[in-house]
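Q: One structure, pasted below without further comment.
Throughout, read-outs are computed from the coordinates displayed, never taken from laboratory work. Since this is a predicted model, take the numbers as computed values, not measurements. Quick reminder, even Gly has a Cβ in these numbers, built from the backbone with ideal geometry, and neighbours come from all protein chains shown.
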Amino acid sequence: MKLVARTLSGGRAKSKSEVEARKIKVENQINSPQITTFVPKSKNRETMAKIKVKDTEVTILKINDEDYISLTDMIKAKDGDFFVADWLRNRNTLEYIGIWERVNNPTFNYGEFEVIKSQAGLNSFRVSVKELIENCNVISLQAKTGRYGGTYAHKDIAFEFAMWIWLLSEVEV
């Protein structure tokens, strides 16, 4: 079976190798060797690091030995008006998050998630990270407040987000 992915603009189907090549390009940009020191935080066994991507600092939180990358900082690194809420409205995004959660999260509320996902694509559909955490018990997304506040995503999810904002900026040029 040949796997393909469609572009957000409805363009031609991409082969699995093309999608993987773009993912590697994004990973290479994010996995920059310019990492600053980890700073311990007091709660939830969290540590923080900053990396520099295209002259923009991107925060990485390590929560329970897993890397969570700031989507908010990633948006700042790109020129354009991208919002996490717009990305979450996309049905493909929710499907990817749902699959990731089913594989990695034993307490994921799949039933409630399916109800939310069924609304994706409608003009009136809106969902927030907070709603997904509270209603579906997702662990792939984190919403933080305070000094290092913003929306964070597990690195697997953050790479998908990076490909989305990269693709949108390429299409808009």
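Q: Full extension from Asn105 to Arg126: what is 0.36 nm times the residue separation minus their Cα-Cα distance, to one decimal in nm?
A: 5.2 nm
Q: Amide H to amide H, which residues 5 or more places from Asn137 or on other chains are under 5 Å from it, using H placed in the peptide plane?
A: Asn109
Q: Distance cut-off 24 Å, Cα to Cα: go down the list Lys117/Lys155; Lys52/Lys117; Lys62/Lys117 and report the pairs above it.
A: From the list (Lys117/Lys155; Lys52/Lys117; Lys62/Lys117), the Cα-Cα distance tops 24 Å for Lys52/Lys117; Lys62/Lys117.
Q: Also: If R0 is 25 Å, what FRET efficiency do you get for Asn137 and Asp65 from their C-beta distance, rounded to 0.05?
A: E between Asn137 and Asp65, to the nearest 0.05, is 0.80.
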